[in-house]
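What follows is one structure encoded as structure tokens, with my remarks underneath.
The values are calculated or read from the model by the stated rules, or taken from the named source; none is laboratory data. Note that the structure is a prediction, hence the values are computed from the model and not measured. Ideal geometry is used to build each Cβ from the backbone, glycine not excepted, and the neighbour counts take in all protein chains shown. When the accessible area is computed, the model is the full protein with side chains, heavy atoms only, and any ligands, DNA or RNA have been set aside. Shrake-Rupley method; radii C 1.70, N 1.55, O 1.52, S 1.80 Å.
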Protein chains: 2
Amino acid sequence: MEKKMKKLREKLGEVYDLRNAVALLWWDQATYMPPEGAAARGRQLSTLQRLAHEKFTDPTVGDLLENLRTYEGELPYDSDESALIRVTRREYEREIRKPSRFVAEFSAHASESHNAWSRARPENDFAAMRPYLEKTLDLSRQLAGFFPGYDHIADPLIAESDYGMTAASVKTVFSELREHLVPLVQQITEQPPVDDSCLRQPFGVAEQLDFSKEVIQRFGYDFRRGRQDLTAHPFMTKFSWGDVRITTRVKENDLRDPLFSTLHEAGHGLYEQGIVRELEGTPLGQGTSEGLHESQSRLWKNLVGRSRPMWRFFYPRLQNIFPDQLGSVPLEEFYRAINKVERSLIRTDADEATYDLHVIMRFDFELDLLEGKLEVRDLPDAWRERMESDLGVVPPDDRDGVLQDIHWYDGTVGGMFQGYTLGNIMGAQFHGAALREHPGIPEEIGAGEFGTLLAWLRENIYCHGAKYTTNEVLERATGSTLSVEPYVEYLRSKFGEIYIPS
Amino acid sequence: MEKKMKKLREKLGEVYDLRNAVALLWWDQATYMPPEGAAARGRQLSTLQRLAHEKFTDPTVGDLLENLRTYEGELPYDSDESALIRVTRREYEREIRKPSRFVAEFSAHASESHNAWSRARPENDFAAMRPYLEKTLDLSRQLAGFFPGYDHIADPLIAESDYGMTAASVKTVFSELREHLVPLVQQITEQPPVDDSCLRQPFGVAEQLDFSKEVIQRFGYDFRRGRQDLTAHPFMTKFSWGDVRITTRVKENDLRDPLFSTLHEAGHGLYEQGIVRELEGTPLGQGTSEGLHESQSRLWKNLVGRSRPMWRFFYPRLQNIFPDQLGSVPLEEFYRAINKVERSLIRTDADEATYDLHVIMRFDFELDLLEGKLEVRDLPDAWRERMESDLGVVPPDDRDGVLQDIHWYDGTVGGMFQGYTLGNIMGAQFHGAALREHPGIPEEIGAGEFGTLLAWLRENIYCHGAKYTTNEVLERATGSTLSVEPYVEYLRSKFGEIYIPS
């Protein structure tokens, strides 16, 4: 069996070398690639993705997994070897259903669509994107079609990013959350608006970057195993245990960028940097799901990064860096400013209270599009209507409406958005569990120490990589299943205190 | 036949997508990769190189080439299709002799050796590199062994980089050149030394970089299809027709870096950017040999970049950028400084008159090592002796001796160095031919116009990529075979004028 395990690891290593090269090609495209490199890059991405898929779905992998079945049964469920066989089999059984030619076609289409979107969004040209999006929808349906027997056509797409979740289970959770959020937002926005002008001043870009680097280094992000570069759309990517990179963007007139986008991506990075090295080069060597990943980006960005203790420590340092802009702004005013709630157009800029309404809307649209209840051509109107009813604002154009997110123009229609809100919900659960075990965490954070929190997250979540499913991690780490309660409680208490006079 | 050609192009496209991903992995390693990324990167490079080799040597490629033999015979020799079949076959017949496992082993060893060298060179630790170099020598011999029937064991290694050349043919040319160089250098170094203190002043790094960018843009390097980044060891690399990158290094106290390293790499870049797009993704879509490539880097760096006309145009601009340092330095003093000849230790820093003596020495060592006349353990001593006899200086340590060049620590022993001097020789031949056809070139350059020269080089050399062999390009462009005469004449006339009072 040892020989077979070795062989399996070798095969997987090859697949991950290819996948990691794909990740680098993608990172380079988003950071440094000169404009005329785009055409060939799309082809390179498509070829390598297809090869990785071919290698992974090679029948010898299937044979190895088959031959290892008895051995797996003899191993304890928690052992790395058992998990390796189990998770590889799960992924293998999913991937063999997709023809390699389909994988290459989808990848090539995604690259073209991505490039078209890069031009169409600034030009507010939804008409240009319509044929791309229609093809994406068609390909997404084809993809789902490789998994007959689903309850909902979105289920196979959701399982790609959030294994264990279905359209039905997500819908239940989301509608429960929405019932709490709509009145909460209503209540908040009836109050006088918070003044956030202190954030909207000119701030030196280099100083902003240096400060956000300092913060994430204190969080525990390791620059010997990572780096930060500039992009239009921030992301985290990983090429190996020793190379987990983040990107950010800067605005000269708004302190929120790059600060919060850096904290967000650093959260993803801390997760990936925390996975034990032994799992590298296998399906276990990565975060277990989109939702769990988002729980970490949003935990570090919001539950930590927008908290009072954090800024008790960091605000005096920030004032030192920007004395003219912040020297006379009290901590409390700054704290309220970074937590300002408002009905706004852009998901990624949205505050904690309204953010999930953006996500739930997109999730519903994905289901409607896949079900055929909504046509691509009717999407811009549907977008405007739903924005008005849910958020009370209407985008003046498609640029800040249906064209704002890259997801549908670079991925599937279906399974792209639920992870954000699942992440918010789980983030609050994890945070609560960590604080129950270590009630001193907020005080430590107030002293600039993040070690206890990071150690808890590493031990309970990060180190395992994809060894356990989302639900398993949740239950092991918090003792309970997915529950919106801690999240709603967190939002109520935080924004109640800021907005609702007692 | 059309269908077979299409199939061949498809197969080759896949190989080049992999090879270009390898190039990106390498570029990233040398520019932005965080330190802890090194271990996995070596593995990724090795895997992708092996896969590219497997794909290229797939029997279906051989079958296609076989089936296309008659068709090839019917095509004119100069047609792209005929060249594609011919050059692919030549490369295929070479590559099928190398087992894929050997290719992967060599690549993995080269990565390890490269990383070891990065540590050993600053520590002046040749002992640490000895086992690596011994293994490299062993692997180089094995590689040559896949090509039985050679006259000299170095021949297959030389053919890898300079197809058409052999140990014997290179030796003949090099000894002829050496007979001219040794007395020339002797004569020059008997003269009072040139004062180059104007170059050794503090110069702002950003200004140096901006200026060298301005120069290469005027040369014709296209930044929409390229970019420049910083590295320890400058190089040029290509990921596609639309993405040809160069790197450089900076020194705050020496104007020569990054200026001349940028011009050098830009010369390589101009060659690659000048290859017609139709050849992309095939063995034709690259420079035809190391020697021809070096002819272009050295032509732009030296024959153009260290010429009087060039600086008649650029020097006033440079003085404007560095008024304190150069404002009162006359053009003639600057010109003599950038052409200073001296007996020095480092090949890459050597002037035009002594440079080839460094190269010829390394070439001779490669032959001696391969033949078994010289042991790796005796190399440092042999290095010191030969430096003393050829260049009249002895390196105080191995760091600036046998450890200075990366080539043997990252590639083969054999075939690594001859290209530089072949390039110098051919560069002078090409330059001479261009000037015969367009005698106004120097005057144009004096006015900051490089278009006529670039157009001649594009038309006669660059556009063809690897369609023709080095010797074919040489004969087509200059009307003659390889000849040291124009180069010797150029050196004599240039340095005679600078050094030998008339």
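For segment B:33-47, a reduction of at least 50 Å² in accessible area between the chain on its own and the assembled protein chains (probe 1.4 Å) is found at B:Pro34, B:Glu36, B:Arg43, B:Gln44. A 1.4 Å probe run over the protein chains yields, for the protein assembly as shown, 38 Å² of accessible area per residue, whole-number rounding. Annotation for the B:A interface, with buried accessible surface near 3100 Å², both sides summed [1.4 Å probe; non-protein components not counted]. One residue of chain B places its C-beta nearer than any other to the axis carrying B onto A; that residue and its whole-Å distance are B:Ala21, 2.
For the set B:Lys171/B:Lys251; A:Lys135/B:Lys7; A:Lys98/A:Lys135; B:Lys171/B:Lys340, the pairs lying more than 24 angstrom apart at their alpha carbons are B:Lys171/B:Lys251; A:Lys135/B:Lys7; B:Lys171/B:Lys340. Shown here for segment A:12-83: chymotrypsin sites (Phe, Trp or Tyr not before Pro) in loop regions (DSSP other than H, G, I, E, B) with at most 15 other Cβ atoms within 10 Å, namely A:Tyr77.
Close amide H pairs (under 5 Å, H built 1.01 Å from N) link B:Lys238 with B:Arg245, residues at least 5 positions away or on another chain.
Ranking B:Leu299, B:Gly281, B:Pro323 by Cα position along the charge dipole of segment B:279-330, where only Lys, Arg, Asp and Glu carry charges on their C-beta atoms, puts B:Pro323 farthest toward the positive end.
When the other protein chains are added to the chain by itself, burial of at least 10 square angstrom of heavy-atom accessible area (probe 1.4 Å, ligands and nucleic acids ignored) affects these residues of segment A:1-23: A:Glu14, A:Asp17, A:Leu18, A:Asn20, A:Ala21. What nm distances, shortest first, do you get from the label point of A:Val182 to those in the other copies when the point sits 7 angstrom along Cα to Cβ? Once sorted, the set of distances for A:Val182 reads 9.4 nm.
In order along segment A:78-91, phi translates into HN-Hα couplings of 7, 6, 4, 5, 4, 5, 4, 5, 4, 6, 4, 4, 4, 5 Hz, rounded to whole numbers, per the Karplus curve 6.51 cos²θ - 1.76 cosθ + 1.60 with θ = phi - 60° and x for Gly and Pro.
Within chain A, the longest run free of exposed loop sites, counting GluC sites (Glu not before Pro) that sit outside DSSP helix and strand states (H, G, I, E, B) and have at most 13 other Cβ atoms within 10 Å, spans A:376-502. Note that segment A:485-492 has calculated 3J(HN,Hα) couplings of 4, x, 5, 4, 4, 4, 4, 4 Hz, one per residue in order, obtained from phi through the Karplus relation 6.51 cos²θ - 1.76 cosθ + 1.60 (θ = phi - 60°); glycine and proline are x. In the complete set of protein chains, residue-level accessible area for B:Met5 is approximately 10 Å², probe 1.4 angstrom. Let me cross-check B:Cys463: its accessible surface, 1.4 Å probe, with only protein heavy atoms counted, in Å² to the nearest 10? Estimated to the nearest 10 Å², B:Cys463 gives 30 Å². Here's the picture: a label point sits 7 Å out from the Cα of A:Glu371 along the beta-carbon direction, and within segment A:389-421 the residues with their amide nitrogen under 15 Å of it are A:414-415. Look at the alpha carbon pairs under 8 Å that are at least 6 residues apart: their mean separation over the length of chain B gives a relative contact order of 20 percent.
For segment A:197-234, accessible area lost to neighbouring protein chains reaches 20 Å² or more, against the chain alone with a 1.4 Å probe, at A:Arg224, A:Arg227.
Rounded to the nearest 20, the Cβ-based charge dipole of segment B:142-296 about its Cα centre (Lys and Arg +1, Asp and Glu -1) stands at 380 debye. Cα convex hull, chain A: 145 Å³ per residue, rounded to a whole number.
Of the residues B:Val15, A:Ser111, B:Thr247, the one whose Cα sits farthest towards the positive end of the charge dipole of the protein assembly as shown is B:Val15 (charges of +1 on Lys and Arg Cβ, -1 on Asp and Glu Cβ, taken about the Cα centre). Using only the Cα atoms of segment B:328-369, what semi-axes does the equivalent ellipsoid have when each is the square root of 5 times a gyration tensor eigenvalue? Give whole Å, largest first. Equivalent ellipsoid of segment B:328-369: 31, 7, 6 Å, largest first. As a fraction of the 1.4 Å probe accessible area of chain B, surface on carbon and sulfur atoms comes out at 48 percent. Charging the Cβ of each Asp and Glu at -1 and of each Lys and Arg at +1, and nothing else, the dipole of chain A about its Cα centre rounds to 1040 debye. Scalar couplings 3J(HN,Hα) for segment A:363-371, obtained by applying the Karplus form with A = 6.51, B = -1.76, C = 1.60 to θ = phi - 60°, are 4, 4, 4, 4, 4, 4, 5, 5, 6 Hz; x denotes Gly and Pro. Length available on full extension from B:Asp378 to B:Asn67: 0.36 nm per residue minus the Cα-Cα distance, which gives 106.9 nm. For chain A, find the longest principal axis of its Cα atoms and tell me its angle to the long axis of helix A:100-120, 0 to 90°, nearest 10. Between helix and principal axis, roughly 30 degrees.
Backbone amide hydrogens, once placed in the peptide plane, bring B:Leu230 within less than 5 Å of B:Thr248, excluding anything fewer than 5 places away on its chain. A label point on A:Pro439, set 7 Å along the Cα-to-Cβ line, lies at 9.7 nm from each of its counterparts in the other copies, closest listed first. When the alpha-carbon atoms of segment A:388-502 are used, the pair Rg, Dmax equals 18.1, 48 angstrom. Label-point spacing at A:Pro316 relative to the other copies reads 5.9 nm, in ascending order, each point sitting 7 Å out from Cα along Cα→Cβ.
Size of segment B:22-71: Rg and Dmax of its alpha carbons, in Å, are 16.5, 53.
Taking the Cα centre of segment B:209-258 as origin and assigning +1 to Lys and Arg Cβ atoms and -1 to Asp and Glu Cβ atoms, the resulting dipole is close to 200 debye.
Calculated from the alpha-carbon coordinates, segment B:205-352 shows an Rg and a Dmax of 15.8, 52 Å respectively.
Run through the DSSP bridge list for the protein assembly as shown and note the antiparallel percent, rounded to the nearest 5. If I count the DSSP bridges inside the protein assembly as shown, around 55 percent turn out antiparallel. Mind jotting down the distance between the C-alpha centroids of segment A:98-130 and segment A:50-89, whole Å? Between the Cα centres of segment A:50-89 and segment A:98-130 lies a distance of 33 Å.
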